[in-house]
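Have a look at the structure below before the remarks.
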Amino acid sequence: MDKPRRKTKPLQGIAILLLGGKGERYGSDIPKQYVAMAGKPLFLFAYETFARSEDIDAILLVIPKGYKDKTLKLIGDKNKLIAIIEGGPSREESAYRAVSYLGKHHADPYAFVFIHDADRPLVSENLIHKLKEAAKKNLASIPVLPIADSMCYSPNGEAVDHYGDRRGNYTVQTPQVAALSLYLSAFNKAKDHLGDFTDDASLLMSTIGTKPAMVRGEPTNIKVNDRDGQLLFETLYRGLKG
């Protein structure tokens, strides 16, 4: 007599970490996500936070071509890892490939998918939790910070053309969260012009009209683009560790 199959718990929170960028502004022979900063490769900081989070059941990594073996070696015990796939020529192409992978491998269409740039190493478990709670009410959520500085516009980057009103304007961070079914619909509609979008929430709004809830982000949730960003990250990291 065959043994009854054990029912597996459906995945309710899935993190997509994007490591596919080349990081030209950083100026390294290897992608900056793999450069050691504050004692370990940059992407591991975000990976380990998502792996610890009680709101995340699984992690999907999107990596540069040729880095799978290196990535597996760095992760070690592969906690919560469900797959590693190769990224595309742009950020949104990489996100599209990841969302499509989840759809093809029968992930719960109602699971909340967190798309995060792996070069934001200081994402916190608290922010992840707040985003998931907001997404439960609105099906999508993003972390934002109000703009505190004056805003000006210059078409040539040399002289100010005019000043803008900062009221009601926010900077947007990642992770950005939505139900998998929403991401699948939005990315499939936009698949022929993914380069028109800078992030996942703008794609959701433009293609299917979903307006994500806003959650206050964290000033420490910075993106490491260059050497100055690395210095700031390492300074913040030492301060957070006390």
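The values are calculated or read from the model by the stated rules, or taken from the named source; none is laboratory data. Here the structure is a predicted model, which means the values were calculated and not measured. As a convention, Cβ positions derive from the backbone with ideal geometry for all residues, glycine included, and neighbour counts pool all protein chains shown. All accessible areas refer to the heavy atoms of the entire protein, side chains included, with ligands and DNA or RNA removed. Shrake-Rupley method; radii C 1.70, N 1.55, O 1.52, S 1.80 Å.
Here are the numbers for this structure:
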item: Selection from the stretch 182-235 of residues that are among the β-branched types (V, I, T), under 22 Å from K32 (Cα atoms) and open to solvent by less than 40 Å² (accessible area, probe 1.4 Å); result: T220, I222, V224
item: Residues that are among the hydroxyl-bearing types (S, T, Y) and free of Cβ contacts under 8 Å to residues at least 24 places away in the same chain, drawn from the stretch 113-155; result: S150, Y153, S154
item: Search result, residues across the stretch 110-135 that are assigned to a helix (DSSP H, G or I) and either open to solvent by less than 30 Å² (accessible area, probe 1.4 Å) or modelled with pLDDT under 95 (or both); result: L127, I128, L131, K132, A134, A135
item: Test set (1) of a type in the set (V, I, T); (2) in contact with a helix residue (DSSP H, G or I) (Cβ under 6 Å, 6 or more places away or on another chain); (3) not in a strand (DSSP E or B) - I142 fails condition number; result: (3)
item: Test result for E218, of a type in the set (D, E), in contact with a strand residue (DSSP E or B) (Cβ under 8 Å, 6 or more places away or on another chain) and under 30 Å from P109 (Cβ atoms); result: yes
item: Hey, G168 in contact (Cβ under 8 Å) with a residue 24 or more places away in the chain, out of contact with any Leu (no Cβ under 7 Å at 6 or more places or on another chain), open to solvent by 20 Å² or more (accessible area, probe 1.4 Å) and more than 23 Å from A15 (Cβ to Cβ) or not; result: no
item: Flag for P143 being under 19 Å from the mean Cα position of the chain (by Cα), crowded, with 18+ Cβ neighbours inside 10 Å and farther than 27 Å from I30 by Cα; result: yes
item: Test: residue in the stretch 23-32 that is modelled with pLDDT of 85 or more and polar (S, T, N, Q); result: no
